[in-house]
Amino acid sequence: GWKLVGSNVDHFEKLIDGQVHSKARIKENKKGLIIDLGKRFKVSGFTYMPSQDKNTLNFISNYKFYISKTPNNWGKAVLQGEFSNIKNSPVLQTRKCTAQEGRYIKFVPVKTIDNQKQSYISEFTIQTEK
């Protein structure tokens, strides 16, 4: 039931297809990826799998992650940081936060390893609690 909010991602369906060799593109990193989860959940984190295409260097090195009940009011990032050594080890990254209720999430690539304005993601999941 996830839906992309806006049009900043090409091939959104590939983010959630379970295939690590497919990829979606965030066109403008500063706008990020915004997802409507379809209903409210207690969101407790996310996973990010960088593109597994060795020709793609747009690995995300720094990020911000937001949770909101509405698509317009983001407040402060609940998670932000760095994916250490992502260039040499482009494996599944898991980040956890204190669970917060929300329907919308926003993932913003703050920086890529090669300072690109776009990035590619193989898989992206939202972690929730009951």
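The values are calculated or read from the model by the stated rules, or taken from the named source; none is laboratory data. Remember, it's a predicted structure, so these values are computed and weren't measured experimentally. Using ideal geometry, Cβ is built from the backbone for each residue, glycine included, and neighbour counts are taken over all protein chains shown. When the accessible area is computed, the model is the full protein with side chains, heavy atoms only, and any ligands, DNA or RNA have been set aside. Shrake-Rupley method; radii C 1.70, N 1.55, O 1.52, S 1.80 Å.
Observations on the model:
- Among the numbered conditions (1) modelled with pLDDT under 95; (2) surrounded by 17 or more Cβ atoms within 10 Å (Cβ to Cβ); (3) more than 22 Å from residue 4 (Cβ to Cβ), the only one that residue 83 does not meet is (1).
- Of the numbered criteria (1) hydrophobic (A, V, I, L, M, F, W, C); (2) closer than 22 Å to residue 112 by Cβ; (3) more than 13 Å from the chain's Cα centre (by Cα), the one residue 43 fails is (2).
- Number of residues in segment 69-85 that are under 15 Å from the mean Cα position of the chain (by Cα) and either outside any loop (DSSP other than H, G, I, E, B) or under 16 Å from residue 49 (Cα atoms) (or both): the value is 5.
This table checks each residue for (1) at pLDDT 95 or above; (2) closer than 13 Å to residue 106 by Cα; (3) assigned to a loop (DSSP other than H, G, I, E, B); (4) not small (Gly, Ala, Ser).
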| residue | (1), (2), (3), (4) |
| --- | --- |
| 1 | no, no, yes, no |
| 21 | no, no, yes, yes |
| 30 | yes, yes, no, yes |
| 35 | yes, yes, no, yes |
| 56 | no, no, yes, yes |
| 61 | yes, no, no, no |
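- For segment 86-110, the set of residues classified as open to solvent by 70 Å² or more (accessible area, probe 1.4 Å) and either among the small types (Gly, Ala, Ser) or in contact (Cβ under 8 Å) with a residue 60 or more places away in the chain (or both) consists of 101, 103, 110, listed by residue number.
- In the set (1) touching a Leu at 6+ places or on another chain (Cβ under 8 Å); (2) open to solvent by less than 30 Å² (accessible area, probe 1.4 Å); (3) not hydroxyl-bearing (Ser, Thr, Tyr), residue 64 fails one condition alone, (2).
- Selection status of residue 98, at pLDDT 95 or above, over 15 Å from the mean Cα position of the chain (by Cα) and of a type in the set (Val, Ile, Thr): yes
- Residue that is nearest to residue 123 (Cα to Cα), among those in segment 70-80 that are open to solvent by 70 Å² or more (accessible area, probe 1.4 Å) and among the polar types (S, T, N, Q): 80
- Residues within segment 38-49 that are open to solvent by less than 10 Å² (accessible area, probe 1.4 Å) and either more than 18 Å from residue 8 (Cβ to Cβ) or among the hydrophobic types (A, V, I, L, M, F, W, C) (or both), tallied: 4
- Candidate set: segment 23-35, residues that are open to solvent by 20 Å² or more (accessible area, probe 1.4 Å) and out of contact with any Ser or Thr (no Cβ under 7 Å at 6 or more places or on another chain); chosen: the one nearest to residue 100 (Cα to Cα): 34
- In segment 35-48, the residues that are farther than 15 Å from residue 5 by Cα reach residues that are outside any strand (DSSP E or B) and open to solvent by 10 Å² or more (accessible area, probe 1.4 Å) with C-beta atoms within less than 7 angstrom, at least six apart or across chains, in these pairs: 40/69; 47/92.
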